[in-house]
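Structure first, commentary second.
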Amino acid sequence: MAKPTIAIVGASANRGKYGNRAVRAYAHRGYDVYPIHPHAVSIEGFRAYRSIGELPVPGLDRISLYVPPAVGLQILDDLASKPAREIWLNPGAESPELIARAEEMGLNMVVGCSIVAVGASPDDMD
C-alpha cells in the first residue's frame, strides 16, 4: 500500500517555525513529505520544491498551507493543478476571501491545524 502524501507550502528550514514542525510531524507518521519553498534545496532531509506544480506525483492526499492568505490567493491556480483530497489552511493562513475563492474552484478546504489533525502537538516538535 502506498504511503500517504502531503505537500507543505511554506515549509521552513527553521525548526522553530510551524512549516518545519509540520514536515517533521508528517514524516514521523509515515507520510511522503514534499516541502514547498521558493529558495530552499532541502528541508529536514527532504528535497524542497519551488511550487506544487513541480512535484513528481500526479496528486496528493493533503496540502497544508503555512503562508499568509494573500500568498494563498496567489497560488490557488497552482494548488488546483495538483489534485488533493484536502487543502489545510493552518492558523494565520485562512481568510474569508481565500476560502470563498477556493471553494468556487471546487477545492476541498479545511480550516485548522494540520499538525494536530495528524495526531501530533506542535509544541512537542521542539
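The values are calculated or read from the model by the stated rules, or taken from the named source; none is laboratory data. Values in this document were obtained by computation on a predicted structure and should not be read as measured data. Here Cβ is always computed from backbone atoms with ideal geometry, including for glycine, and neighbour counts include all displayed protein chains. What goes into the accessible areas is simple: the full protein's heavy atoms, side chains included, and nothing from ligands, DNA or RNA. Shrake-Rupley method; radii C 1.70, N 1.55, O 1.52, S 1.80 Å.
Normalised by the number of residues in segment 43-124, the mean separation of alpha-carbon contacts (under 8 Å, six or more apart) gives a relative contact order of 28 percent.
Taking each residue as 0.36 nm, the span from V71 to V110 lengthens on full extension beyond its C-alpha to C-alpha distance by 12.3 nm. Considering only segment 29-126, what is the antiparallel percent among its DSSP beta bridges, to the nearest 5? Percent antiparallel among DSSP bridges in segment 29-126 is about 20. For the chain, the solvent-accessible area with a 1.4 angstrom probe is 51 square angstrom per residue. Rounded to whole numbers, the Karplus 3J(HN,Hα) couplings from phi for segment 109-122 are 8, 10, 9, x, 8, 6, 5, 5, 4, 8, x, 10, 10, x Hz, using 6.51 cos²θ - 1.76 cosθ + 1.60 with θ = phi - 60°, and x at Gly and Pro. The amide H of Y49, built 1.01 Å from its N in the peptide plane, has I36, H37 as neighbours under 5 Å, considering only residues 5 or more places off or on other chains.
Annotation: amide H of A84 within the under-5 Å range of L60, sequence separation 5 or more or interchain, hydrogens built in the peptide plane.
Before rounding to the nearest 500, sum -39500 (n - 2.57) across all DSSP H runs of length at least 4 in the chain and divide by the residue total; then give [θ] at 222 nm in deg cm²/dmol.
-7000 deg cm²/dmol, from helical runs alone.
Carbon-plus-sulfur accessible fraction, the chain (probe radius 1.4 Å, protein heavy atoms only): 52%.
Report the relative contact order of segment 1-80, percent, no decimals, based on alpha-carbon pairs under 8 angstrom and at least 6 residues apart. Relative contact order here is 33 percent.
Against the criterion of solvent-accessible heavy-atom surface with a 1.4 angstrom probe, M109, M1 sort, most first, into M1, M109. Of I75, I63, I36, the residue with the greatest mean-square motion in the GNM of the chain, using alpha carbon springs below 10 Å, is I75.
Farthest towards the positive end of the charge dipole of segment 1-122, among the residues I87, I99, I6, is the Cα of I6, using unit charges on the Cβ of Lys, Arg, Asp and Glu. Taking the empirical scaling 2.2 N^0.38 Å for compact globular proteins as reference, the chain has a Cα radius of gyration ratio of 0.95.
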